[in-house]
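Reading through the structure tokens given below for one structure.
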Amino acid sequence: MSDTTSSNAMWGGRFAAGPDAIMEAINASIGFDQRLAKQDIEGSRAHAAMLAAQGIISDDDAKAIREGLLTVLSEIEGGTFPFKTELEDIHMNVEARLKDIVGEPAGRLHTGRSRNDQVAVDFRLWVRDQCDAAEVALTALMRALLGQADDGADWVMPGFTHLQVAQPVTWGHHMMAYVEMFARDRARFADARARMNESPLGAAALAGTSFPLDRQMTATALGFDRPMANSLDAVAARDFALEFLSAASICAMHLSRLAEELVIWSSAQFRFVSMSDRWSTGSSIMPQKRNPDAAELLRAKLGRIFGANVALMTVMKGLPLTYSKDMQEDKEQVFDAADNLMLGLAAMAGMVADMKARPDDLRVAAAMGFSTATDLADWLVRELGLPFRDAHHVTGSLVAMAETKGIDLPDLSLSDMRSVHDGITDAIFDVLGVDNSVRSRTSYGGTAPDNVRAQIARWTDALGKEVKS
């Protein structure tokens, strides 16, 4: 057996043709960067128009190029475009097909431009679109949460620390906590979008060009605020993608926390919510089960976004300025993260809108674990003037008494309470019920139903104004 044959056998399978096939496979990106086709054609059409306006190419050539690019786009969208791996990437595939359609003018399109600034503008446009899509999807999720909050603004449920019952809160208050979280996520995407909204087009390979380009014209045509001020930075920067992944990772973490709660809440041990068959599956062997598979899958898939963030950080961390071929590995990570983020947001909005809370079970759970102990301690401070640490000690003694008797705090008699502290009066019972407890939490940001309704109204109004604008 020859050395070449032995080598090919080692590569095996699809790479049996040897090193040439391996190099083509590792070098080509058309398998994934064809997703940039719309942005690539949009950038090229803007570049051609600018070249003509600056007298760098003729108006006739620019017209042929721009019309030919629309033909290419229609072929891609119609599924008839002949993608070729040997042409490496979306840019060369589009340009080669453009030459087939319009002939010699296609060769003038690349004047004053490099694939370095071309891919930078394509990718920046694509990520900018994803920021916009994330904002829309987050708004839909916030609306679903607002609907749940409005339904249960005064439904009492347990609030937890350490997954132990802590104090009563309202269902509406819990839902509104996620509205606040996702609102911050929405703001992060908006902030990232604003920072990335500068055009790298015209930076060429890395040093700019001697052609008299009007970079502001192409920036404006593509919806950018301005051209990037440094040509090296323009082709080397991928922090816009990393910022998108960072915002996506934080959002994914919030989605995963809510997914975890849905898994817990829908269990037989909690029974806080029921999930419909649209978002649950049965067991192949246990007919009584309804598994929250959608929430579980969402919880797992979101980990891929964290992985994408770390992967792209790792790709970029050792690269000197400006462009290195390593940067071809930026897109698959971002594409996958964006896909999973959008899937996660859509799935969560559907689950939240569809789930049914169980107010009676929530109320029973809210009263467990001596959840109004803090209310008792606060009453001792407020009404009897005890230092909080003394009130804490008295309350702890009363909790121990109730635990020994196998009852809850409101079920202790006044004489039982006075045996621990003789200043206690029957007014204590006004604060011990779970409803009294949540109604008393009127500080700004607290769980009192009136507070919750005010926050619902504030967000409903804010989102309504966005629709009108």
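With only the Cα atoms considered, region 101-153 has a convex hull volume of 92 Å³ per residue. Counting only chymotrypsin sites (Phe, Trp or Tyr not before Pro) that DSSP places in a loop and that have at most 15 other Cβ atoms within 10 Å, the longest clean stretch of the chain runs over 84-443. Computed on the chain, with alpha-carbon pairs under 8 angstrom and 6+ residues apart, the relative contact order is 16 percent.
A straight Cα-to-Cα reach below 16 Å connects LYS405 with the aspartates and glutamates ASP416, residues fewer than 8 places away in its own chain not being considered. The charge dipole of region 23-108, taken about its Cα centre with unit charges on the Cβ atoms of Lys, Arg (+1), Asp and Glu (-1) only, comes to about 180 debye.
Counting only trypsin sites (Lys or Arg not before Pro) that are in a DSSP loop and have at most 14 other C-beta atoms within 10 Å, tell me the longest site-free stretch of the chain. For trypsin sites (Lys or Arg not before Pro) (loop position, at most 14 other Cβ atoms within 10 Å), the longest site-free span of the chain is 85-277. Per-residue SASA remark: HIS392, around 110 Å² accessible (1.4 Å probe; ligands, DNA and RNA not included). When the helices of the chain are scored as -39500 (n - 2.57) per DSSP H run of n ≥ 4 and the total is divided over every residue, the value at 222 nm lands at -20500 deg cm²/dmol.
Of the solvent-accessible surface of the chain, computed with a 1.4 Å probe and all protein chains present, 53% belongs to carbon and sulfur. For region 199-265 versus region 448-462, the spacing of their alpha-carbon centroids is 35 Å.
Each label point was placed 7 Å from the Cα along the Cα-to-Cβ direction; for GLU329 and GLN34 their separation is 2.4 nm. Rolling a 1.4 angstrom probe over the protein heavy atoms with all chains in place gives the chain an accessible area of 47 Å² per residue. Extension gain for the segment LEU319 to ASN436, taken as residue separation times 0.36 nm less the Cα-Cα distance, is 36.0 nm to one decimal. Summarising the amide proton neighbourhood of MET157: residues at separation of 5 or more, or on other chains, whose placed amide H is nearer than 5 Å comprise VAL169, THR170, TRP171. Charged side chains reduced to their Cβ positions (Lys and Arg at +1, Asp and Glu at -1) give the chain a dipole of some 120 debye around its Cα centre. Over region 369-432, Cα pairs under 8 Å with separation of 6+ residues give a relative contact order of 40 percent. In whole angstrom, how far apart do the alpha carbon centroids of region 389-406 and region 67-83 sit? Region 389-406 and region 67-83 have Cα centres separated by 75 Å.
Here's the picture: charge each Lys and Arg Cβ at +1 and each Asp and Glu Cβ at -1 in the chain, and of PRO320, PHE244, ASN309 the one pushed furthest to the positive end of that dipole is PHE244. Across region 23-108, C-alpha contacts under 8 Å between residues 6 or more apart give a mean separation that, scaled by the residue count, equals a relative contact order of 42 percent.
Between ARG418 and THR161, the simple label model (points 7 Å from Cα in the Cβ direction) yields a spacing of 3.3 nm.
Its Cα centre serving as origin, region 343-469 has a Cβ charge dipole (Lys and Arg +1, Asp and Glu -1) of approximately 600 debye.
The values are calculated or read from the model by the stated rules, or taken from the named source; none is laboratory data. What you see is a predicted model; the values in this text were computed from it and never measured. Using ideal geometry, Cβ is built from the backbone for each residue, glycine included, and neighbour counts are taken over all protein chains shown. Calculation scope for accessible area: heavy atoms of the full protein, side chains included, ligands and nucleic acids excluded. Shrake-Rupley method; radii C 1.70, N 1.55, O 1.52, S 1.80 Å.
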